[in-house]
């Protein structure tokens, strides 16, 4: 029962993991690997926040370093949460045999990377003697 034009699965009700049929394990494991990739990215963002705050006090003002670190930490926390939501909605769609839901997170993540690259550029520019 595939809904080709459907871009969103219905919201999970009750014990969503018991809905529909168990998907092929290869797809479930691929979905889990994608989840883990998002978690690794969140961990990298957290490591970047710690690195900027702890290992670059001479590069720029404390305000800019803290701002960049906080943006990285907030982004990491959001990525952890949205990774779980994405994993769950993909798993639910596979169980129901519907299309995988579209996510705008990739566009948001790209925009965040552009913002952070700009702020890091300012941080490095201010470090010039």
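What follows draws every value from the coordinates through simple rules; no lab data is involved. Predicted model, so just to flag it, every value in this text is computed and none were measured. Cβ: placed from backbone, ideal geometry, glycine included. Neighbour counts: every protein chain shown.
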Checklist entry - What angle do you read, to the nearest 10 degrees and between 0 and 90, between the alpha-carbon axis of helix 105-126 and the longest principal axis of the chain? => result 10 degrees
Checklist entry - Taking Cα atoms, how many degrees apart are the long axis of helix 25-55 and the longest axis of the chain, rounded to 10 and kept between 0 and 90? => result 10 degrees
Next on the checklist: Under 10 Å, Cα contacts only: if you run a Gaussian network model on the chain, which one of 86, 26, 40 comes out with the highest mean-square fluctuation?
Outcome noted: 26
Checklist entry - Where does the chain land on the Kirkwood hydrodynamic radius, alpha-carbon pairs, in angstrom? => result 16.8 Å
Next on the checklist: Above 18 Å lies some portion of the pair distances; for the stretch 40-116, what is it as a whole percent of all C-alpha pairs?
Outcome noted: 50 percent
Next on the checklist: Angle check, please: helix 62-96 long axis (alpha carbons) against the longest principal axis of the chain (alpha carbons), in degrees 0 to 90, nearest 10.
Outcome noted: 10 degrees
Checklist outcome for this item: Reduced to Cα centres, the span from the stretch 52-76 to the stretch 79-129 in Å works out to 20 Å
Checklist entry - Fewest to most neighbouring Cβ within 10 Å: what's the order for 92, 102? => result 102, 92
Next on the checklist: Counting only helical runs of four or more DSSP H residues, what would the 222 nm mean residue ellipticity of the chain come to if each run contributes -39,500 (n - 2.57) and the total is spread over all its residues?
Outcome noted: -24500 deg cm²/dmol
